[in-house]
Amino acid sequence: MPLLDIEDLHVQVEDQVILGGVHLTVAPGEVHAVMGPNGSGKSTLANVVAGRPGYEVLRGTVRLAGEDITQASPEERALLGLFLAFQYPIEIPGVSNMEFLKAAIDSHALARGEGAPSAAAFIRRARATAERLGLDAGFLKRGVNEGFSGGEKKRNEILQMLLLEPRIAILDETDSGLDVDAMQVVAAGVNDFRDTGNAVVLVTHYQRLLDYIVPDHVHVLAGGNIIRSGDRTLAELLDRDGYSWIEDAC
Amino acid sequence: MSDTSERTDDAIDTLVSSEYAAGFVTDIETETFPPGLDESVVRAISAKKEEPAWMTEWRLEAYRGWRAMTPPRWAHVHFPEIDFESISYFAAPRGDKPASLDEVDPELLRTYDRLGIPLHEQAMLAGVEGAGRTPVAVDAVFDSVSIATTFKEQLKDAGVVFCSMAEAVREHPELVQRYLGTVVPRSDNFYAALNSAVFSDGSFVYVPKGTRCPMELSTYFRINAENTGQFERTLIIADEGASVSYLEGCTAPMRDENQLHAAVVELVALGDADIKYSTVQNWYPGDDEGRGGIYNFVTKRGACLGARSKISWTQVETGSAITWKYPSVVLRGEGSVGEFYSVALTNNLQQADTGTKMIHMAPNTKSTIISKGISAGRSQNTYRGLVRTAPNAHGARNYTQCDSLLIGDQCGAHTFPYIESRQPSAVVEHEATTSKVSDDQLFLCRQRGIDAEKAVAMIVGGFCKDVFRELPMEFAVEAGKLLEVSLEGAVG
């Protein structure tokens, strides 16, 4: 059974149709890259799958491990194992990263019918995971994304992913604004995360992240539809020729 | 079509139907004066409290002054004219004042139990080992009278006087006569004058020279009777080098009529003394259509009389239909310090006009104002603050930070900072921000599995952090929970 199954998804935002019948099937253990020019609907796809308010699904279904989540609330989707790494992680002033992560982890544990982990166990795990991403211990005490650099914000997203252990992680432009060093750290985090039971969807404009996280499938989204799918060589083609050929193909 | 955005609204709507947990009525036989106010009522209140003649005269003079005054109209709040002749000015559980807790009507004890207020010293002390809680001495005021004050003996051993105002008038007349009305004069304002005429119970604290009060002191005010005003009076005196931390809490039943609460609190800090006064104000706020609720018109002021003395106000204001209060500090002692930390939350149709005055009247005085206003629903939330430096206040410093948080788009936040500086070397800083709980913040939380209700509470808690950390530990937790309840239904 696919982990994520998007079928004939039509979406509009403020009376404008952004997605016009997207199909995408992601099996356990796979990494998919969704690429496309600016304004092609990549971020809409990521957000609508996560249930962000403001997007109207006109038609189609989204299934997570067989369960229809098209109408589910964002928190229901999250608790079923769907994770979205944000393109622009927002600040929550005064709420420490630690408090935020603990609240997220506790509600996941609760949803699984488990008790919340002890504070000590949680802190040990959070510190160790942060360290793997090159984030020092003080990082966890700071306000969520408050005064973080661009790289810190993105690493913080990966930290959350590693701690929450979702079944499917959608990374929305996680490579944007990262230097090569930061990108390698992020990619290492994602590669650590991958196993045969979960899956990753990388939404990206550029091919360069795919040098570090090798996708099994590459899809080109343009004009609200996936117009071409292939293996990683498709990404290399895009890198070489840019997106102009797509406009011709549309 | 997708209904995820409606779901956000739903999640928020279900929060609206929150219960005001303290809204029950205690069924107890009450002696209530007939409505209306004249000199005979003032005399009758004084007689009820077995007051000496000087106290009766003091009240009468205040009453005569009040008759000539008019209610203030400058606050950014709106309400129908109050008919002061329709209010009853005294209500008390029937019977003699109990000599000890054992004699207190069990119905009253159950009331405080339900409110989570510890009146049993034994249970409190037993809890010390169990949960590591420090005992808190409590004065419980029910309508117009104090029904019990705990830990009085232990405090007495330390030389600390902690009793009801009525008792202080009888037992410590020299202290009351010396300080009552010195910080908030009877003629200060309309509501202070009214309070001075008819004040019922409240707490009296005296901490002698060089004494650190051995435990937290607190007073819980409960309005129960119908159509009755509550006019408590609190006086706290910290003698030279003394220190004390005091907390007040207040609740009232849910009723459709508005009820008036006009308190006066006076703090006096002598040289090197330190008073920390915290309030968790949870008077009934009215229902979501704005019916009922308490009019909370309160005058609170502290005087730092001695050098290097310090007075710190911390308030968490979540209740009341209308709040009108400005806990202030008059800095008369050289190098004295005034602080004001405030969280004021308004939801539904609540209105708050609150802030502080820091009056610098001596060299090197320092004041800090941190105000966090949270507006939700259709409420109006105003910060009003005055910082004044007198000509002799060389080297005075003030820092003011005034932040507003809006939830939804039908509420209002207003800031009226007044600065009057007559001393060129004084440094007065003012920072203000206004922000909204954004959909993006909510979505981030929900995407991580945190439901909308919890998310809003967490975001607001983060916004208030600078103030909460000024509260005594266990009250900070209580304040956080209170905020969560008060916010229910806040985002739309």
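The values are calculated or read from the model by the stated rules, or taken from the named source; none is laboratory data. Computed from a prediction, not measured in an experiment: that's the story for all the values here. For neighbour counting, all protein chains shown are included, and Cβ atoms are generated from backbone atoms with ideal geometry for every residue, glycine included. Please note that ligands, DNA and RNA were not included when accessible areas were found on the heavy atoms of the full protein model with its side chains. Shrake-Rupley method; radii C 1.70, N 1.55, O 1.52, S 1.80 Å.
How would B:MET458, B:MET254 rank on accessible area, largest to smallest, probe 1.4 Å?
Numbers: B:MET458 10, B:MET254 85 Å².
Solvent-accessible surface, decreasing: B:MET254, B:MET458.
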Convex hull volume per residue in cubic angstrom - Cα atoms of segment B:285-343: 54
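Using a 1.4 angstrom probe with every protein chain in place, what is the largest-first accessible-area order of B:SER486, B:SER203? Mind showing how you got there, number by number?
Numbers: B:SER486 25, B:SER203 0 Å².
The ranking, largest first, comes out as B:SER486, B:SER203.
What does the convex hull of the alpha-carbon atoms of segment B:251-370 project to on average, in nm²?
Numbers: hull surface 25.8 nm².
Approximately 6.5 nm², given one-decimal rounding.
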Shape category assigned to segment A:40-178 from the gyration tensor of Cα positions, a/c cut at 1.5: oblate
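In the structure shown, do any of B:LYS49/B:LYS152; A:LYS154/B:LYS454; A:LYS141/B:LYS465; B:LYS325/B:LYS372 have a Cα-Cα gap over 18 Å, and if so which? Write out the running numbers ahead of the final one.
Working: B:LYS49/B:LYS152 20 Å; A:LYS154/B:LYS454 24 Å; A:LYS141/B:LYS465 13 Å; B:LYS325/B:LYS372 15 Å.
Pairs exceeding 18 Å: B:LYS49/B:LYS152; A:LYS154/B:LYS454.
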Assigned charges on the beta-carbon of Lys, Arg, Asp, Glu; chain B dipole about Cα centre (debye): 1880
Long-range HN-HN contacts of B:GLN230 with modeled amide H, under 5 Å: B:LEU260, B:HIS261, B:ALA262
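Express as a percent, rounded to the nearest 5, the fraction of DSSP beta bridges in segment B:135-251 (both residues included) that run antiparallel.
Numbers: 8 of 26 bridges.
Among the beta bridges of segment B:135-251, antiparallel pairing accounts for roughly 30 percent.
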Tail beyond 31 Å, pair distance distribution of chain A (Cα, percent): 22
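Across all directions of projection, what mean area in square nanometres is found for the Cα convex hull of segment B:136-233? Don't jump to the answer; show the numbers that get you there.
Values: hull surface 27.0 nm².
So the Cα hull casts an average projection of 6.7 nm².
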DSSP bridge orientation in chain A - percent antiparallel, rounded to nearest 5: 55
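Tell me the Kirkwood hydrodynamic radius of segment A:4-122 in angstroms, computed as one over the mean inverse distance between distinct C-alpha pairs. Display every interim value, and only then the final one.
Working: mean 1/r = 0.0620 Å⁻¹.
Radius from the Kirkwood sum: 16.1 Å.
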Rounded to whole Hz, the Karplus (6.51, -1.76, 1.60) HN-Hα couplings of segment B:322-327, x for glycine and proline: 9, 10, 9, 7, 9, x
J(HN,Hα) series, segment A:234-245, from Karplus relation 6.51 cos²θ - 1.76 cosθ + 1.60, nearest Hz, glycine and proline x: 5, 5, 5, 4, 5, 5, 6, 9, x, 9, 4, 4
Candidate aspartates and glutamates - alpha carbon under 13 Å from B:LYS276, same-chain residues fewer than 8 apart omitted: B:GLU216, B:GLU248, B:GLU266, B:GLU339, B:GLU470
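Out of all DSSP beta bridges in segment A:148-250, what portion is antiparallel? Express it as a percent rounded to 5. Each step should come with its number before you reach the end.
Numbers: 5 of 10 bridges.
Of all bridge pairs located within segment A:148-250, approximately 50 percent are antiparallel.
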Placed amide H near B:THR356: partners under 5 Å, 5+ positions off or other chain: B:ARG384, B:GLY385, B:LEU386
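Using alpha carbon coordinates only, what is the Rg to Rh ratio of chain B, with Rh defined as the Kirkwood radius?
Ratio of gyration radius to Kirkwood radius for chain B: 0.96.
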Positive-end residue of B:THR111, B:VAL169, B:GLN401, charge dipole of chain B with Cβ unit charges: B:GLN401
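Show that you can apply the helix-only estimate: for the protein assembly as shown, add -39,500 (n - 2.57) for every DSSP H stretch of four or more residues, divide by all residues, and state [θ] at 222 nm to the nearest 500.
Working: 21 runs with 215 residues, N = 742.
Per the formula, -8500 deg cm²/dmol.
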Net dipole in debye of segment B:167-244 [+1 Lys, Arg Cβ; -1 Asp, Glu Cβ; about Cα centre; nearest 20]: 100
Segment B:289-429 - convex hull of the alpha-carbon atoms, volume per residue in Å³: 77
Loss of accessible area when B meets A, both sides summed, Å² nearest 100, probe 1.4 Å: 2600
Percent of alpha-carbon pairs separated by more than 18 Å within segment B:381-492: 62
Most to least accessible of A:MET161, B:MET473 (protein chains only, probe 1.4 Å): B:MET473, A:MET161
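Is there a quick way to get the dipole size of chain A? I mean about its Cα centre, with the Cβ of Lys and Arg at +1 and of Asp and Glu at -1; what is the value in debye to the nearest 20? If you can, show how the numbers build up before the last one.
Details: 22 positive and 36 negative charges, 140 e Å.
Magnitude of the dipole: close to 680 debye.
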Percent of Cα pairs exceeding the 50 Å cut-off, where the set is the protein assembly as shown: 27
